[in-house]
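Report on one structure; see the data block that follows.
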Amino acid sequence: MKKITCNALIAATLVLGASPASARELAVLTRIDDKTVELTREDTAPVTVWISADTLLDKGDTRFAASSKDGKLTLPIPVTERRYVILEGKGAHRTVVAERVLPLQQGSNFRDIGGYVTKSGKTVKWDKAFRSGAMPLLTEADYKLLGQLGIGNVVDLRSLEEREVAPDLLDDRTGALFIANDYSMKPLMAQYGKGDGENVYKGMEKMLVPQFRSIFRRLIADEGAVVYHCSAGQDRTGMATGLLYDVLGVDRDTIVKDYHLSTALRRTEWEMPKVDPKDYPNNFIVQYYFKDGKDKPHKAEPLFTPTGASHLVQFFAYIDKQYGGSEGYLKQALGFTDQDIAKLRATMLD
């Protein structure tokens with residue numbers, strides 16, 4: 001099975017920072033090979049290490065180590081199984097950790113958003129929400145792995161042009177509710193291309209209100225895990241994830257570092273089927289992906305402006321000025337109430 005490790009995860013580590021504390025995570029799982037993962041933690045207080053099929057500790061779980069003080073451990077978790085490591089410390093305090101990047105054979109930028117610690121000391125729950133790029137070329141092994149996630153909802157942020165050539169199949173394979181809103185990519189890209197490459201997300205939050213509202217509604221409903229995605233899993237998906245983390249209370253430094261992981265974690269060759277651009281002369285997204293030729297995969301572009309600013313940092317500054325922050329955007333633009341936001345936090349945080 002092809003692994004999303006080695007060069008991609010090394011590059012991602014360089015972006016995110018070498019230590020778990022820099023990303024405000026209590027522990028990190030990194031895949032080493034098809035059979036093993038490495039657990040890393042900075043706090044070396046003694047813990048019992050369990051391997052579990054879910055995020056709850058119960059009788060069916062396997063105890064790997066007792067009173068471990070190791071900062072690093074190699075654990076036998078095969079690439080074909082979604083497993084969680086539960087660290088049980090003093091006073092039955094428990095920390096759950098999972099692989100953030102799912103090791104799909106032919107997926108791109110598919111990640112669990114859980115595990116980050118908020119400014120108030122809570123932790124974003126694993127297994128509640130997943131972000132991704134497009135998924136038109138998933139293998140049977142990929143579907144088997146994703147079938148272990150308890151997916152109840154797939155929110156497709158893409159336009160009609162994108163869905164025409166690369167339709168979702170994940171909802172068909174998992175029985176999940178599929179949600180998409182019809183719109184053309186042309187006005188969105190016209191907005192994205194305005195100006196000098198600065199503040200490229202400005203205004204997109206208005207054009208994507210139906211899509212963003214759907215994500216938050218499904219998270220609040222808490223009816224199975226929510227998978228949301230666009231084509232690259234970095235711009236529209238990155239904006240949505242940034243807003244979600246910000247409302248949940250994750251610090252913005254961590255949010256921005258996580259946002260920039262997309263450059264290393266994208267697999268553009270799996271985001272678009274192998275088609276002949278000549279068959280789609282009026283489809284912008286096809287022309288974009290194959291602008292260098294149909295046999296040359298599109299390259300992931302760093303998410304920075306010509307002056308070196310992060311697109312997401314600029315977006316947050318705009319949201320703060322326009323709406324008074326991400327919570328203000330959810331209320332003013334998406335129509336959510338204080339009660340809705342409180343339920344979102346209760347559902348998404350430990």
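The values are calculated or read from the model by the stated rules, or taken from the named source; none is laboratory data. Source: prediction; values computed, not measured. Glycine also receives a Cβ, built like all others from the backbone with ideal geometry; neighbour counts cover every protein chain displayed. All accessible areas refer to the heavy atoms of the entire protein, side chains included, with ligands and DNA or RNA removed. Shrake-Rupley method; radii C 1.70, N 1.55, O 1.52, S 1.80 Å.
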Calc'd 3J(HN,Hα), segment 45-61, phi into Karplus 6.51 cos²θ - 1.76 cosθ + 1.60 (θ = phi - 60°), Hz, glycine/Pro = x, comes to 4, x, 9, 8, 9, 10, 10, 10, 7, 8, 8, 10, 8, 8, 5, x, 7
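Divide by every residue of the chain the summed helix terms, -39500 (n - 2.57) for each DSSP H run of at least 4, and state the resulting mean residue ellipticity at 222 nm, rounded to the nearest 500 deg cm²/dmol.
Working: 14 runs with 116 residues, N = 350.
Value at 222 nm, helices only, nearest 500: -9000 deg cm²/dmol.
For Asn282, what charge total do you get from the other residues with a beta carbon under 13 Å from its beta carbon, if Lys and Arg give +1 and Asp and Glu give -1?
On the way: positive: Lys186, Lys278; negative: Glu161, Glu164, Asp279.
Local charge sum for Asn282: -1.
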Once phi for every residue in segment 279-291 is put through the Karplus expression 6.51 cos²θ - 1.76 cosθ + 1.60 (θ = phi - 60°), the whole-Hz ³J(HN,Hα) values, with Gly and Pro written as x, are 7, 10, x, 9, 9, 4, 5, 5, 4, 5, 5, 10, 5
With a 18 Å threshold on alpha-carbon distance, the violating pairs from Lys186/Lys206; Lys35/Lys299; Lys206/Lys343; Lys274/Lys299 are Lys35/Lys299; Lys206/Lys343
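Which trypsin sites (Lys or Arg not before Pro) in segment 185-228 pass both tests, a DSSP loop state and at most 13 other beta-carbon atoms within 10 Å? Walk me through the numbers on the way to the answer.
Details: sites: Lys194, Lys202, Lys206, Arg213, Arg217, Arg218; in loops: Lys194, Lys202.
Taking segment 185-228 and a limit of 13 other Cβ atoms within 10 Å, the loop trypsin sites (Lys or Arg not before Pro) found are Lys194.
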Under a Gaussian network model of the chain whose springs join Cα atoms within less than 10 Å, the largest fluctuation of Thr80, Thr263, Thr254 belongs to Thr80
Toy charge model, Lys and Arg Cβ at +1, Asp and Glu Cβ at -1: the chain dipole around Cα centroid in debye, rounded to 20, equals 360
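Report the relative contact order of segment 204-317, percent, no decimals, based on alpha-carbon pairs under 8 angstrom and at least 6 residues apart. Present the calculation step by step, with values, prior to reporting the outcome.
Numbers: 71 pairs, mean separation 22.9, N = 114.
Relative contact order of segment 204-317: 20 percent.
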Non-local residues with an amide H under 5 Å from the amide H of Ile151, with H modelled 1.01 Å from N and Pro and chain starts lacking one, are Ala225
For Phe64, the residues 5 or more places away or on another chain with a placed amide H closer than 5 Å to its own amide H are Val49, Trp50, Ile51
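Charges only on Cβ, +1 for Lys and Arg, -1 for Asp and Glu: so what's the dipole of segment 79-238 about the Cα centre, in debye to the nearest 20?
Details: 23 positive and 21 negative charges, 152 e Å.
In total the dipole reaches around 740 debye.
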Answer in debye to the nearest 20: the dipole magnitude of segment 214-350 about its Cα centre, from +1 Lys/Arg and -1 Asp/Glu charges placed on Cβ, is 340
Among Asn283, Phe336, Gly249, the residue whose Cα sits farthest towards the positive end of the charge dipole of segment 246-345 (+1 at Cβ of Lys and Arg, -1 at Cβ of Asp and Glu, taken about the Cα centre) is Asn283
Rounded to the nearest 10 degrees, the helix 236-248 long axis (Cα) sits at an angle to the longest Cα principal axis of the chain of 50
The long-range amide H neighbours of Gln105, using H built 1.01 Å from N in the peptide plane and a cut-off of under 5 Å, are Thr139, Asp142
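How high is the relative contact order of the chain, in percent, counting Cα pairs under 8 Å that sit 6 or more residues apart? Write out the running numbers ahead of the final one.
Working: 655 pairs, mean separation 59.6, N = 350.
So the answer I get is 17 percent.
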Helix 209-221 sits off the longest principal axis of the Cα atoms of the chain, rounded to the nearest 10 on a 0 to 90 degree scale, by 20
Carbon and sulfur atoms account, in whole percent of the 1.4 Å probe accessible area of the chain, for 52
Rounded to one decimal in Å, the inverse mean reciprocal Cα-Cα distance for segment 113-261, i.e. its Kirkwood radius, is 16.1
Taking Cα atoms, the helix 338-348 axis meets the longest principal axis of the chain at an angle in degrees (rounded to 10) of 50
Taking the dipole of the chain about the Cα centre (Lys, Arg +1; Asp, Glu -1; charges at Cβ), the one of Gly152, Gly224, Phe316 that reaches farthest to the positive side is Phe316
Charge tally for neighbours of Thr48 with beta carbon under 9 Å away, counting Lys, Arg as +1 and Asp, Glu as -1, is 0
In whole angstrom, the spacing between the Cα centers of segment 18-84 and segment 212-266 equals 24
